[in-house]
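Colleague: I'd like to ask some things about the structure below.
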Amino acid sequence: MISHVLHFVTPPIPYFVDCGRATYPVGESHISRSNIGAFDLIVVVEGNLSIDENDKEWTLTAGDAPTLRPDADHYGAASCPVHTEIFWIHFQTYDSWRECANMDECLDSETHLLQKHTKSMLKVYGMTPMEFLLQTPWSIARISEEIGFHHASHFRPVFPEERAFPLPCSAKSLPIHARSLPI
C-alpha cells in the first residue's frame, strides 16, 4: 500500500474536480495517465488493482484508498486477476502541498510549506490565510463545520470572543450558494 503522506495546508480547502466509477473485468487494467493536473483518490470497492506511480508499484484490494499525485505518471501495472470495481475522485488544491515520507517529515517542513501557502493565498485571494479566515462573518463552529474540522477550540485563539458563538441559522437553512466559504 502507498506509504507516503500528502501534506496540505488550508484554508482554502482542496476543491472537487470530478468523480466516477470504473469496473475492470478479469484481464483488464487501469488506464495510463500522465500529469493529469488533479489528485486522484482511488477507492477500491472490490477486487484487486495493481497501480504504478512513478516506478512505485502497489497492489490494492477492497478498502484501500490511495491518493495519487497530480504531477505524476500512473498506470495499471498488471491485469486484474478478478472482477474489480473502484470509485475515483479528482480534487486539487492551490499549490500548497507536499509529499512526505512520514508525519515527522511533514512537521519538519511545516514552516517552509506555510510560507509557500501564504504566498499562494496572496496571489490567488489577495490576502493571507489569517485575513481569509477573519473576513468571514461566520462563527468558529461554522467554519469548522464547513472545512470538516470539528474541533472549534483549534480556531479560538484566532477569532475575537464574540465570534465564538454560532450564527442563529444553520448551514441547511442557507441558500446552496452560501453554504461554502467564499472563494
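The values are calculated or read from the model by the stated rules, or taken from the named source; none is laboratory data. Here the structure is a predicted model, which is why all the values come from computation and not from measurement. For neighbour counting, all protein chains shown are included, and Cβ atoms are generated from backbone atoms with ideal geometry for every residue, glycine included. Just so you know, the surface numbers come from the protein's heavy atoms only, side chains and all, with ligands and any DNA or RNA stripped out. Shrake-Rupley method; radii C 1.70, N 1.55, O 1.52, S 1.80 Å.
Colleague: Based on the mean of other Cβ atoms within 10 Å per residue, sort peptides 69-76, 58-65, 20-27 so the most packed one is first.
Modeller: Listed from highest to lowest mean packing, they are 69-76, 58-65, 20-27.
Colleague: Given a 1.4 angstrom probe, what's the average accessible area per residue across segment 67-123, in square angstrom?
Modeller: I get 53 Å² per residue for this part.
Colleague: Ranking request for peptides 101-112, 120-131: highest mean number of other beta-carbon atoms within 10 Å first, then the rest in descending order.
Modeller: Answer by packing, highest mean first, reads 120-131, 101-112.
Colleague: How much length is gained on full extension from R33 to T59, taking 0.36 nm per residue of separation minus their Cα-Cα distance?
Modeller: Here the segment from R33 to T59 would lengthen by 7.6 nm.
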